[in-house]
Each structure stands twice: as C-alpha cells, then as structure tokens.
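First up is the structure itself, then whatever we jot down about it.
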C-alpha cells in the first residue's frame, strides 16, 4: 500500500508541477495551518460543571449514541484517540464548563488552576488551547438574557464570568507559547415580538466594553465576538446580531467570529471573509455544516468548506484567520465525528493550497473569464488525493478510511464499557 501511495505521489507532483504548483511547498504551508478542534463534540456540550443539567441557549445535541464522555479523563482519552488519526497541526477549543474542581465553582469565579490538567495535556500533545466563556445552561441565563440583561446583578455576573474567562485564556497563551483565541457568544434574545430592541443592544455593548477594558498581552490572548441569526427560543430577536457584532469588532478592533451556521440559509461565510478583513484585524471561523440552519452537522468536504479554505489561501490570510470547528452530533460515534470533520477541513486547505493560483489570477486579471472557469473546473480533477495520502503517511496516521478500524476497536474496548 505504501509503495502504491509513493508512486501515486510522484506522479501527482509531476501533474501539479505542470500547472505551476509546488506540492512540497503546499505541504509545508499546510503544516503551518492548525485547525482548532472543539471539545464539546465528545460529550454533547454537557461539560463537568453540571453534566446532568439541561442544555439551553438555543442549542441542541440530538442522538443517543453510546459512549459519551462523562469525565475530563474520559474526554481527554477520546481526544487522544481522535488526534492520533488526524494529520498535521491541531489545537483544542475549550468551554468554561469543562473546568475541573473538587468542589462547585461559580462561573464568575473560575481561575486558571481549574484548567491546569488541560494545560498539562496540551503540553504533552504539543497543542495550543482556545477558550470560550459559557453564557448558557445556567440559572442566570434562564430568561434568555445574560450580558444584555436588564437586571444589573445578572448582567454583572456574566461580565465577571467573561473577565475571569479572559484571564484563563491568557494563562493558556502564556503557558503554551501560542495565543489563545477567546470567543464570546451570548444566546440573548426573545421568542416573540420585541418592543425594545435598542436597550438590550446598548447594554450588551457597554458590558462588552467593560469585559475587554483590561488590556491583555496579544501574544497570550485574542478577543473574538460572535453573532447569530436566531436560536431556539429566540426566534424573533437576537441581541447579538451580525450587524451588532460586525460593528462592535470593527469599532473595538477585536477579532470577529463567523460561524457557518449563523446566517440565513442562502448566506455563506466564505463570501464574508474578504469584506470583514477590510475592517477587523483578525477572523475566527467556526466551520460547521448547517443542513437546516444552525444544525451543526459534521463537516464534510462540500462546496462551502472548500470555498472557506480557498478564501484563506487565495488572500494569504494565514496569520489573520483562526480556523475552528463547531459541530456536535450525538447520533454517530463521537470520535469518528471529530476525525471526519477535522480531516475534511484539512483536506479543503490542502486542495486550496494546490490550486494553480498564478494561472487563475493571470486569466482573471487579463479578463479571460473563459479560461478562468476552465481552469477552475479542470483543477478539480488533479490528483490531490495522492498528495493527501502522502501527507497522512508522513504524519503517521492512516491514509484512507482504515482509521475507522481503530475507532471501532476503541469503541469496543473503551466506549462500550461506559
């Protein structure tokens, strides 16, 4: 098998060289593009604060596939298995509810020490960590409002939670030597007709200003803010709309998060990247698959995933765009979901790096749109899969669907015993 892959790779390099693509340079660049996996796929967004509590905030994890992680030790073991089957650089994205403590800790009192095991694990695996305050699934979010709440005590609680989260995030960056991107998303909104749309947004803006008022070292911590169209239970009014957070990120020069499922069904975030980059210093992309709006299905190698990767590569945004995944499917093996989604995100990046970009740009600049379309279509048939398989072998992971055998074995030996 290895010999066949080597032969195919040699032929693929020649094919790509014929259209001006340096395959080895593309692979070297791919090794500089980490994808941040999301911890919440492994336990259906339960966390360890109150793992039996109800999931709220317009979020749903559907399915009851056996083997869900119920402790941090189990979750890290599952992540270890997934990471061993995915080539190239990775990161891990944590939510605040994945803290570890022998006694209950209120969210506005979380500290770096509550995530020390995660840092040790990240060091062992040579991973960077990213972070999120968890502004949902809590008694003080039950009425649908957190940072925009009209109740000053409620609002202050969530401000303090986000402030504490920033310190946790900065500690990650300081200890691991790579900045942690901390994303703020709030579920705030109303189910039915809303009279006062201005007041909650004004309060949200003021709260966010208070949260980010303390300047943190950008080598350790990056602030990001995320919009949403609507959520279950907030169908009529979302405080943190696209317009709100685009304006906020632009005026405060924070990073802006674009989630593939947070817009109208006919909108795609790939088209928003070039516009947003004119106004904000950085982007965080939540790559997902919104089958029916924000349903967060496992990422596949579809047109939008490829278009997102193309925008990053074509516009040389490697140092300005952070790539994260955001899906949670409880209807299939959760480790397989991680592996499928992350491998597909990396495949899309590789395919983008293997585009004959010089030829495409030349045709476009010369107004030869016929040639541009022909080249775009013909390059889809170039042997990128042979390059991918070699990349996998170089990273000591299965080159084809053989990784599912490892997952099945782990399921029989570990997951089935839970």
Which of (1) within 19 Å of residue 203 (Cβ to Cβ); (2) assigned to a strand (DSSP E or B) is the odd one out, the single condition residue 129 does not satisfy?
(1)
Among the residues of the range 35-51, which ones are surrounded by fewer than 18 Cβ atoms within 10 Å (Cβ to Cβ) and modelled with pLDDT of 95 or more?
none
Can you tell me how many residues in the range 289-314 are in contact with a strand residue (DSSP E or B) (Cβ under 9 Å, 6 or more places away or on another chain) and in contact (Cβ under 8 Å) with a residue 12 or more places away in the chain?
16
Within the bounds of the range 260-271, is there any residue that is in the same structural domain as residue 184 (by TED's automatic domain parsing) and within 24 Å of residue 155 (Cβ to Cβ)?
yes
Members of the range 295-306 found to be crowded, with 20+ Cβ neighbours inside 10 Å and either more than 26 Å from residue 408 (Cα to Cα) or over 16 Å from the mean Cα position of the chain (by Cα) (or both), listed by number:
305
Would you check which residues across the range 13-51 are without any contact (Cβ under 8 Å) to a residue 60 or more places away in the chain, under 15 Å from residue 76 (Cβ atoms) and assigned to a helix (DSSP H, G or I) and list them?
39
If you go through 330, 309, the only one that is surrounded by 17 or more Cβ atoms within 10 Å (Cβ to Cβ), outside any helix (DSSP H, G or I) and in the same structural domain as residue 46 (by TED's automatic domain parsing) is 330
Does the range 57-64 contain any residue that is at pLDDT 95 or above and on the phi > 0 side of the Ramachandran plot?
no
Output yes when any residue across the range 248-258 is farther than 17 Å from residue 201 by Cβ, without any contact (Cβ under 8 Å) to a residue 60 or more places away in the chain, in contact with a strand residue (DSSP E or B) (Cβ under 7 Å, 6 or more places away or on another chain) and surrounded by 14 or more Cβ atoms within 10 Å (Cβ to Cβ), and no when none is.
yes
Options 69, 54: the member that is part of a loop (DSSP other than H, G, I, E, B) and surrounded by 20 or more Cβ atoms within 10 Å (Cβ to Cβ)
69
Quick check on this structure: which one of 183, 217 is under 27 Å from residue 318 (Cβ atoms) and either part of a loop (DSSP other than H, G, I, E, B) or not assigned by TED's automatic domain parsing to the domain that holds residue 286 (or both)?
217
Please work out if residue 354 is crowded, with 23+ Cβ neighbours inside 10 Å and in contact with a helix residue (DSSP H, G or I) (Cβ under 9 Å, 6 or more places away or on another chain).
yes
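Residue by residue, here is whether (1) out of contact with any helix residue (DSSP H, G or I) (no Cβ under 8 Å at 6 or more places or on another chain); (2) on the phi < 0 side of the Ramachandran plot; (3) in a loop (DSSP other than H, G, I, E, B) holds:
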residue: 145; (1), (2), (3): no, yes, yes
residue: 153; (1), (2), (3): yes, yes, no
residue: 162; (1), (2), (3): no, yes, no
residue: 168; (1), (2), (3): no, yes, no
residue: 209; (1), (2), (3): no, yes, no
Has the range 113-128 got any residue that is touching a residue at least 40 places away in the same chain (Cβ under 8 Å), over 22 Å from the mean Cα position of the chain (by Cα) and loosely packed, with under 15 Cβ neighbours inside 10 Å?
no
Between residues in the range 188-211 that are within 12 Å of residue 155 (Cβ to Cβ) and residues that are surrounded by fewer than 14 Cβ atoms within 10 Å (Cβ to Cβ) and modelled with pLDDT of 95 or more, which pairs lie under 6 Å by C-beta distance while being six or more apart or on different chains?
none
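The values are calculated or read from the model by the stated rules, or taken from the named source; none is laboratory data. No experiment lies behind these values; they were computed from the predicted model shown. Neighbour counts run over all protein chains shown; Cβ positions are idealised from the backbone, glycine included.
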